[in-house]
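Here the structure is laid out as structure tokens; the discussion comes afterwards.
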Amino acid sequence: MAWMMIDENIAYMSPSSVYRILVDCGLNRRWQKPLGDSKKTGFDQPKAIHEHWHMDISYINFKGSFVYLISVLDGFSRAVLAWSISTRMESLDTQLVLWDACDKWLGGDKLAVRLITDNGSQFLTKEFKQILKEFSIHNVRTSVNHPQSNGKLERFHGTIKTELIREIPMYSREQIEKKLVNGLKNTIR
């Protein structure tokens with residue numbers, strides 16, 4: 001804009017002065033977020049147990065191959081409600097873990113639970129949605145490339161991986177399950 005004013009013999013003003021005036025008048029919004037954009041502000045934190053559940057799958061590398069840790073975590077208490085280790089990452093495995101959590105912690109109660117998951121194909125199947133419907137659970141999917149929305153569970157999975165790597169680098173499946181059982185006993189209330 002400064003060069004346009006110079007070219008048309010209107011006024012001479014440095015580009016930085018033009019920029020400062022535009023910012024002061026609120027006319028330069030190029031680098032500002034649009035007003036009213038509430039994207040990526042996060043979820044309201046739960047006020048009681050069983051309001052928000054988080055579910056995700058994480059891989060654990062041992063002996064050059066992967067096992068998958070599937071877990072459900074309560075967003076308020078941070079207790080691990082259900083988990084499983086699997087050598088595959090399929091929808092049936094996630095359904096079994098969710099069913100286990102619902103059976104143990106909800107029973108026949110109809111609570112207003114929000115299940116926060118990512119957009120993995122395991123969480124988008126018809127069978128998975130049927131379990132959600134059966135237990136009256138509202139599924140909230142996180143934004144793409146925004147793992148912070150499921151950060152409580154991501155942190156838990158990160159801690160599991162760190163602890164497994166720190167002590168002994170090579171574990172068998174049975175050793176991993178034993179360590180998880182011992183560690184998870186402290187989180188279930």
Residue check, THR87 exposed (fewer than 12 other Cβ atoms within 10 Å of the Cβ), on the phi < 0 side of the Ramachandran plot and β-branched (Val, Ile, Thr): yes
Filter result (β-branched (Val, Ile, Thr) and in contact with a Lys or Arg (Cβ under 9 Å, 6 or more places away or on another chain)) within region 109-159: ILE116, THR117, ILE137, VAL140
When residues of region 105-130 are limited to those that are among the basic types (Lys, Arg) and at pLDDT 90 or above, the one farthest from HIS50 (Cα to Cα): LYS126
Subset of region 45-84 [among the aromatic types (Phe, Trp, Tyr) and not in a strand (DSSP E or B)]: PHE76
Lone unmet requirement of (1) under 24 Å from GLU174 (Cβ atoms); (2) touching a helix residue (DSSP H, G or I) at 6+ places or on another chain (Cβ under 6 Å); (3) outside any strand (DSSP E or B) for GLN95: (1)
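Residues are listed down the side, and each one gets a yes or a no for (1) at pLDDT below 75; (2) among the small types (Gly, Ala, Ser); (3) surrounded by 12 or more Cβ atoms within 10 Å (Cβ to Cβ); (4) closer than 27 Å to HIS50 by Cα:
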| position | (1), (2), (3), (4) |
| --- | --- |
| PRO147 | yes, no, yes, yes |
| GLY151 | no, yes, yes, yes |
| ILE160 | no, no, yes, yes |
| ILE165 | yes, no, yes, no |
| PRO169 | yes, no, no, no |
| GLU174 | no, no, no, no |
| GLY183 | yes, yes, yes, yes |
| ASN186 | yes, no, no, yes |
Any hit, region 67-79, residues being among the small types (Gly, Ala, Ser) and surrounded by fewer than 18 Cβ atoms within 10 Å (Cβ to Cβ): yes
The listed residue being in a helix (DSSP H, G or I) and either of a type in the set (D, E, K, R) or not assigned by TED's automatic domain parsing to the domain that holds ASN150 (or both), out of LYS110, LYS104: LYS104
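The values are calculated or read from the model by the stated rules, or taken from the named source; none is laboratory data. Small disclaimer: the values here were computed from a predicted structure and weren't measured. Neighbour counts are summed over all protein chains in view; Cβ atoms, including those assigned to glycine, are modelled from backbone coordinates with ideal geometry.
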